[in-house]
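First up is the structure itself, then whatever we jot down about it.
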Amino acid sequence: MRGGVYAWPQAATQLRVSSSTAADTSTGTGARTIKLSGLDANFQPISETLAMAGTSTAVTTASFLRMNRARVATAGSYNTLSGGGNAGTITINTGTSSAMGQISVETAVGTGQTQIGRYTAPAGLFMYINSAFISVDSNQRADVALFTRDDADATSAPFGARRLQVALDGLVAPVSWNPDTPLGPYRPMSDVWWAAKAGANTSVTVDFEIILSPTTFQRS
């Protein structure tokens, strides 16, 4: 999640959505509805389009075990360089204030979607990580790592432990990470996520490509 740590619910829960401005409401000039996409209690794909309520809280009808992405579905103003999206920062969380995602505003421009550096494989689909592009602020250093966890459906101990897959230490410039073959397979209902350690006010961006398949690949 941009600027924060993603919450890992152990049970499906309704999501609560609010904005930092009243313009993001069902009749406002900002985001009117957002579409949330993720997984239900059985790790099956699920989505819901929710009407915004400004600085008040809107609650989903469906319960999400994982939220992989959210985006602005409709807006109250025509698209321009600075309009046609969310007017404020939209926060998505559980009932315990644990962050599930954020649709941010940068330099007064709404991003229109979450920026979450993680993904959970649905039931029945194996997951591969094909590539990644990582950038760090100029003249700054950051340690960036990729972690995975099997058996995300385990709700009591022993839980699946996190496992380091890729470690890129001391990055000072953009890096394109392209393995000779996709990394994986990771089993259905497994989590993957990127984490970064850097100095204060340092921005780290990771864009990564995932392949989902009902069967594992044959490697030569």
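The values are calculated or read from the model by the stated rules, or taken from the named source; none is laboratory data. None of the values given here were measured: they were computed from a predicted structure. FYI the Cβ positions are ideal-geometry reconstructions off the backbone, even for glycines, and counts take in every protein chain you see.
The table below gives the values:
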{"item": "Residue in the stretch 174-189 that is farthest from ASP151 (Cα to Cα), counting only those that are in contact with a Ser or Thr (Cβ under 6 Å, 6 or more places away or on another chain) and surrounded by fewer than 21 Cβ atoms within 10 Å (Cβ to Cβ)", "result": "PRO174"}
{"item": "Every residue from the stretch 1-43 that is in a loop (DSSP other than H, G, I, E, B) and within 19 Å of TRP194 (Cβ to Cβ)", "result": "MET1, ARG2, GLY3, GLY4, VAL5, TYR6, ALA7, TRP8"}
{"item": "Matching option when the condition is of a type in the set (Gly, Ala, Ser) and modelled with pLDDT of 90 or more, among ALA167, ALA200", "result": "ALA167"}
{"item": "Subset of the stretch 1-46 that is among the hydroxyl-bearing types (Ser, Thr, Tyr) and under 14 Å from the mean Cα position of the chain (by Cα) - its residue that is nearest to ARG71 (Cα to Cα)", "result": "SER37"}
{"item": "Residue identified as among the hydroxyl-bearing types (Ser, Thr, Tyr) and assigned by TED's automatic domain parsing to the domain that holds THR21 among THR94, THR155", "result": "THR94"}
{"item": "Members of the stretch 134-154 found to be in a loop (DSSP other than H, G, I, E, B) and in contact (Cβ under 8 Å) with a residue 40 or more places away in the chain, listed by number", "result": "ASP137, GLN140, ARG141, ASP150, ALA152, ASP153"}
{"item": "Checking MET189 against (1) at pLDDT 85 or above; (2) more than 18 Å from the chain's Cα centre (by Cα); (3) in a loop (DSSP other than H, G, I, E, B), the condition it does not meet", "result": "(2)"}
{"item": "Breaking point among (1) in contact (Cβ under 8 Å) with a residue 24 or more places away in the chain; (2) surrounded by fewer than 14 Cβ atoms within 10 Å (Cβ to Cβ); (3) of a type in the set (Gly, Ala, Ser), for ALA157", "result": "(1)"}
